Amino acid sequence: MEPMSTQPARRLHAALEPLHLVSYFAPGARESGQPLGLKSFWQTYMAFRSAPLGQVAPSTVVAAFASFHPDMVHRSLPAVWSLTTPQDCLDTRNAYAAGALRAAGVQEAGATRAVELLAPVLGALDPTGRALGAANAALPAAEDPFGALWQLATTAREHRGDGHIALQVALGLTGIEAMVLHSIDVGPPAPVMQKSRGLSEEQWADVVTGLAAKGLVNDAGELTKAGNDLIQELEDRTDELAWSSGLNALGEAGVDEVLTTLAPSLEALYAAKAVPVTPEYFAPRTPKGA
């Protein structure tokens, strides 16, 4: 079940991202923070994902995550740190994710070999401007191969995401504008993203109006050619930057081996419906806009 792209960083992303996503979507994910006193999924999300940064100001998390309305972040942070600690969140999220991968049918031998291939490369990624990626890369490796694999997938994901955000800024987009463009392009649809990112209908409409003023969407809220071209540039440059910032040490042959090693585990993960995506989600974009 090989990801459908020839760019090696994109192919690797397509193999690792589903492994990371179990921490949000596998059975029990919504309750995984309850033993720490976290009262909701979003408290758990904000605490677990920001924990590698330590007990930082909410504004730092707003900047690092980029696509959430600030009020949504502030509803959870810093309040969660009166309930638990970053270290307890790190330990709990890794233990939960390791169990979720195991339960979804990820193979121990495949996980062990993938860790052997990925750990030296992901531990040496260029951290410049990539605070969340660097914070994850600095975490000690789990002894459990499932936990170690999940953390490596998470490090790769956050490192790539940091570069993606930097490119959004370089291309003149805010994080929320980029999130809305992505929703218009490939989904999830506006009502889902409004709720999950903390925007009201009016706030969402204001963002779309701003994108129209930039010539990126038309009056119907659909991508223009300029919007399509910008998204394609953003995706292509994200791949290129991820590759040149250290993934290239793996080499294309190394990427091939990782994909071959993980293929049976990914098939099991998809069959178990542990994540809400399919391999087709990672296919090259279909151009849109006129």
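Hand me the tally of lysine pairs in segment 25-273: alpha carbons under 29 angstrom apart, and the pair either on different chains or 8 or more positions apart. Walk me through the numbers before you get to the answer.
On the way: K39/K195; K39/K273; K195/K214; K195/K225; K195/K273; K214/K225.
The number of close lysine pairs in segment 25-273 is 6.
What dipole magnitude, in Debye to the nearest 20, does the chain give about its Cα centre under +1 on Lys/Arg Cβ and -1 on Asp/Glu Cβ? Each step should come with its number before you reach the end.
Working: 20 positive and 31 negative charges, 111 e Å.
Charge dipole, the chain, about its Cα centre: 540 debye, nearest 20.
Place +1 on the Cβ of every Lys and Arg and -1 on the Cβ of every Asp and Glu in the chain, take the dipole about the Cα centre, and give the residue among V255, H13, A178 whose Cα lies farthest towards its positive end.
Comparing the listed Cα positions along the dipole, A178 ranks first.
With just the Cα atoms defining each centre, how far is segment 190-256 from segment 110-168? Give it in Å.
Measuring centre to centre over Cα atoms gives 22 Å.
Answer with a single label: of [x] 0.98; [y] 1.34; [z] 1.17, which was calculated as Cα Rg over 2.2 N^0.38 Å from the structure in view?
[x]
Determine the relative contact order of the chain: mean sequence separation of Cα pairs under 8 Å and six or more apart, normalised by residue count, in whole percent. Numbers along the way, then the final one.
On the way: 386 pairs, mean separation 86.8, N = 290.
Once divided by the residue count of the chain, the mean separation gives 30 percent.
Need one word for segment 189-279: rounded, prolate or oblate. Basis is the Cα gyration tensor (sqrt eigenvalues a ≥ b ≥ c); a/c below 1.5 gives rounded, then a/b vs b/c decides.
Details: a/c = 3.14, a/b = 1.63, b/c = 1.93.
Cα axes put segment 189-279 in the oblate bin.
No lab work stands behind these numbers, since they all come straight from the coordinates. Computed from a predicted structure; not experimentally measured. Quick reminder, even Gly has a Cβ in these numbers, built from the backbone with ideal geometry, and neighbours come from all protein chains shown.
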